[in-house]
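The block underneath contains the structure these notes are about, expressed in C-alpha cells.
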Amino acid sequence: MHTNLTAREAVITAIESAGTDVATRDEYDIDGIVDAIYEATGGYDIDALDEGEFWGIIEDHDLALTGN
C-alpha cells in the first residue's frame, strides 16, 4: 500500500519510464490520477489495479486530451 506521496512518485515514474522525451509528469494531472487511484482502490493501492485500469486512469488525466 502506498501513501499519497509514494503513489504520486510511482505514477510519475510510470509516466516517465519510457523517457521524458516521450512523456513527462507536466503533461498529466497527477493529483487527479492519484485521487482516481484512491477512489478505485479505497486507498493508494496502485498494485490493486490491473495494467489496463492503471493506464486508463492515466489516459483519462492527460492534459492534452482533457483540454487543461
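Given the criterion of a type in the set (Phe, Trp, Tyr) and assigned to a helix (DSSP H, G or I), identify the matching residue among Tyr44, Tyr38. Write out each step before concluding.
Values: Tyr44 fails: assigned to a helix (DSSP H, G or I).
Among Tyr44, Tyr38, only Tyr38 is of a type in the set (Phe, Trp, Tyr) and assigned to a helix (DSSP H, G or I).
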In contact with an Asp or Glu (Cβ under 9 Å, 6 or more places away or on another chain), among the polar types (S, T, N, Q) and modelled with pLDDT under 95 - does that describe any residue in region 58-67? yes
Starting from region 42-65, keep only residues that are farther than 15 Å from Arg25 by Cα, then list their pairs with residues that are among the aromatic types (Phe, Trp, Tyr) whose Cβ atoms are within a distance under 6 Å, requiring at least 6 positions of separation or different chains. Tyr44/Tyr38
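Matching residues to (1) part of a helix (DSSP H, G or I); (2) buried (at least 16 other Cβ atoms within 10 Å of the Cβ); (3) on the phi > 0 side of the Ramachandran plot:
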| residue | (1), (2), (3) |
| --- | --- |
| His2 | no, yes, no |
| Leu5 | yes, no, no |
| Ser17 | no, no, no |
| Gly52 | yes, no, no |
| Trp55 | yes, no, no |
| Glu59 | yes, no, no |
Is there any pair linking a residue in region 1-21 that is in contact (Cβ under 8 Å) with a residue 40 or more places away in the chain to one that is in a helix (DSSP H, G or I) and not aliphatic (A, V, I, L, M), with Cβ under 7 Å and at least six apart or on different chains, and which? Ile15/Arg25
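Which of the residues that make up region 22-35 are outside any helix (DSSP H, G or I) and either free of Cβ contacts under 8 Å to residues at least 12 places away in the same chain or touching a Ser or Thr at 6+ places or on another chain (Cβ under 8 Å) (or both)?
We begin by selecting, within region 22-35, every residue outside any helix (DSSP H, G or I); these are 22-24, 28-29.
Once the filter is applied, which keeps residues that are outside any helix (DSSP H, G or I) and either free of Cβ contacts under 8 Å to residues at least 12 places away in the same chain or touching a Ser or Thr at 6+ places or on another chain (Cβ under 8 Å) (or both), region 22-35 yields Val22, Ala23, Thr24, Asp29.
The values are calculated or read from the model by the stated rules, or taken from the named source; none is laboratory data. Predicted model only: the values in this text are computed from it and were never measured. Using ideal geometry, Cβ is built from the backbone for each residue, glycine included, and neighbour counts are taken over all protein chains shown.
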